[in-house]
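Undergrad: One structure, pasted below without further comment.
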Amino acid sequence: MSLRWLPNAITIGRMVLALPLLWALAASQFMLAFWLAIVAGASDAVDGWLAKRFDWDSPSGGLLDPLADKLLLGVGFVGLWWSQRLPGWVVALVLARDAVIVAGALVWWRTLGPFAAAPTRLSKLNTVLQVVLVVLVLADAAFTGSLPPGAGRAGPLPLVWLQALLLACAALTAASGVDYVVRYGSRFRTALRNRP
């Protein structure tokens, strides 16, 4: 195997971490979950650096890397909801947005063939905010435990800053989802009209 595949191998390894991360969160093993998340984040930085530094970018890497990120982020949200550290409505909103985007991409692919989708600034900001939310809640569960179990399902979490973060994350998630639908819906209609 050529070294050009090293970033993809690291990305696949990051995807494999999703299962133990989900188990750790479901079992309330928050310290283990925290360190698994740190390893996953570090591997994301390493594979990105390798791909750029040695020009090892590839079409499969361009597909696998965001898929791995979404998988781990989704597992983080679901696992923290399951362990009653995040409210269900935020998790449902995050998963619904991703489901709509995937469904739209499948419709495009089946109708018009492959296309290159690039994340918008709004989408990148949304991802950053989602990562910050998951990491902060996970770090709190692992190190301080100041947010009581059950707070996530009972309603908004008690700390003012976390409430603000939850609301900002929800607003950006919804706005990013609408932006994707409008942006790619318009492109889809244009491509459909111009199809030979």
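Undergrad: Which one, PHE34, ALA105, LEU80, projects farthest toward the positive side of the charge dipole computed for the chain from Cβ point charges (K/R +1, D/E -1)?
TA: ALA105
Undergrad: Also, I was wondering about something else. Quote the Stokes-Einstein diffusion coefficient, in whole µm² s⁻¹, for segment 1-68, based on the Kirkwood radius over alpha carbon pairs, a temperature of 20 °C and a viscosity of 1.002 mPa s.
TA: 172
Undergrad: Once the Cα atoms of helix 59-82 and of the chain are each reduced to a long axis, what angle between those two axes, in degrees from 0 to 90 to the nearest 10, is obtained?
TA: For 59-82 against the chain, the angle is about 30 degrees.
Undergrad: Restricting things to Cα coordinates, could you compute the convex hull volume per residue of the chain in Å³?
TA: Measuring per residue, one finds 131 Å³ for the Cα hull of the chain.
Readers should treat all values here as calculations from the given coordinates under stated rules, not as data from a laboratory. All values reported here derive from a predicted model rather than from experimental measurement. So basically every Cβ, Gly included, is an ideal-geometry build from the backbone, and we count neighbours across all protein chains shown.
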